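Student: Below you will find the structure I want to go over with you.
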């Protein structure tokens, strides 16, 4: 005989996650809240540390009150930029810094 046993933590984590009670399309636009993890406000208070860790790992979490999404929990800064990462895509011509032709300079209100 095989019993399907979940740990207390697994049951607890499944119990505080619910899906948002929203329509897929609102005003003709796809409602992405439906596809994000949604947590009720009481569970968010109880499991705030775990939710913050998930947000820092890149997941966006919606906190709902009475089934309506009210707050989005996301990392403050997403630092995935690297200087020079696209330098092989940018090419500057040798005459880049040359003065503009007079007709173009005038269009921009510059003296030629």
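Bear in mind these aren't lab numbers, they're just calculated from the coordinates by the rules spelled out. On a predicted model such as this, the values are computed, not experimentally measured, just so you know. Cβ placement follows ideal geometry from the backbone for every residue including glycine, while neighbour counts extend to all protein chains displayed.
Student: Using the 10 angstrom Cβ neighbour count as an exposure proxy, how do 73, 89 rank, fewest first?
Tutor: 89, 73
Student: Here's a follow-up. Taking 0.36 nm per intervening residue step and subtracting the Cα-Cα distance, what contour gain separates residue 111 from residue 90 on full extension?
Tutor: My answer for the length gained is 4.7 nm.
Student: Any chance you could run the full-extension gain for residue 65 through residue 104? It's 0.36 nm times the residue separation minus the Cα-Cα distance, nm to one decimal.
Tutor: Between residue 65 and residue 104, full extension yields 8.3 nm more.
Student: Let me ask something additional. Along the Cα-to-Cβ line of residue 56, 7 Å from the Cα, sits a label point; which residues in segment 79-100 have backbone N less than 17 Å from it?
Tutor: 79-80
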